[in-house]
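A.B. asks: Encoded as structure tokens, here's the structure I'll be asking about.
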């Protein structure tokens with residue numbers, strides 16, 4: 001990803017710009033000289049907020065605050081975009097020890113920042129015993145919540161091959 005700097009004040013190369021003041025006041029399309037004059041009168045900067053339209057949209061705002069907000073927004077997007085969905089499969093007749101082993105794996109995945117999809121496949125007659133399966137998943141979640149704070153991304157639901165729920169770290 002290329003890190004390009006936002007054009008401000010005299011670095012804006014367009015002859016005309018669509019000018020908007022910081023409070024949402026619209027001036028319409030004006031020559032760059034008039035836009036720079038308006039910004040100077042208010043003691044603020046002329047910042048080009050879009051470059052893919054003609055004429056470009058420019059705002060009369062404090063560039064420092066604008067850059068801070070844009071940086072914060074970009075970091076939040078990066079933070080939320082970097083995760084994978086890891087799958088933990090539980091058996092219908094899973095033992096206590098095996099469940100603790102899978103909780104350790106789920107805890108590790110959550111600490112890495114990934115989401116965890118818990119799957120309990122139901123086969124044959126097990127499909128008639130969905131409530132028992134729901135209890136197994138709820139027990140797993142209770143044991144997991146003792147180790148890590150989790151929030152539900154996708155509620156516990158029935159899918160064609162069994163029950164699933166997706167969780168992530170709070």
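The values are calculated or read from the model by the stated rules, or taken from the named source; none is laboratory data. Everything numeric here is computed off the predicted structure, so don't read it as measured data. Every residue, glycine as well, gets a Cβ built from its backbone with ideal geometry; the counts of neighbours run over all protein chains shown.
A.B. asks: Among the residues of segment 65-102, write down those that are farther than 17 Å from residue 156 by Cβ, at pLDDT 90 or above and surrounded by 14 or more Cβ atoms within 10 Å (Cβ to Cβ).
C.D. replies: Result: 86, single match.
A.B. asks: Just one of the numbered conditions (1) surrounded by 13 or more Cβ atoms within 10 Å (Cβ to Cβ); (2) over 30 Å from residue 14 (Cβ atoms); (3) without any contact (Cβ under 8 Å) to a residue 40 or more places away in the chain is not true of residue 152; which one?
C.D. replies: With respect to (1) surrounded by 13 or more Cβ atoms within 10 Å (Cβ to Cβ); (2) over 30 Å from residue 14 (Cβ atoms); (3) without any contact (Cβ under 8 Å) to a residue 40 or more places away in the chain, residue 152 is out only on (1).
A.B. asks: Here is a further query. Pull up segment 1-57, narrow it to residues that are more than 29 Å from residue 78 (Cβ to Cβ) and within 30 Å of the chain's Cα centre (by Cα), then point me to the one that is surrounded by the most Cβ atoms within 10 Å (Cβ to Cβ).
C.D. replies: It comes out as 21.
A.B. asks: Follow-up question, since we're still on this one. Quick check, is residue 120 buried (at least 18 other Cβ atoms within 10 Å of the Cβ) and closer than 18 Å to residue 101 by Cβ? First the steps, then the outcome.
C.D. replies: Values: buried (at least 18 other Cβ atoms within 10 Å of the Cβ): yes; closer than 18 Å to residue 101 by Cβ: yes.
Yes, satisfied.
A.B. asks: Within segment 26-114, considering only strands (runs of 3 or more DSSP E) that don't extend past its boundaries, which have at least 2 residues that are not assigned by TED's automatic domain parsing to the domain that holds residue 15?
C.D. replies: Details: elements: 26-31, 45-48, 57-61, 85-89.
Those strands (runs of 3 or more DSSP E) span 85-89.
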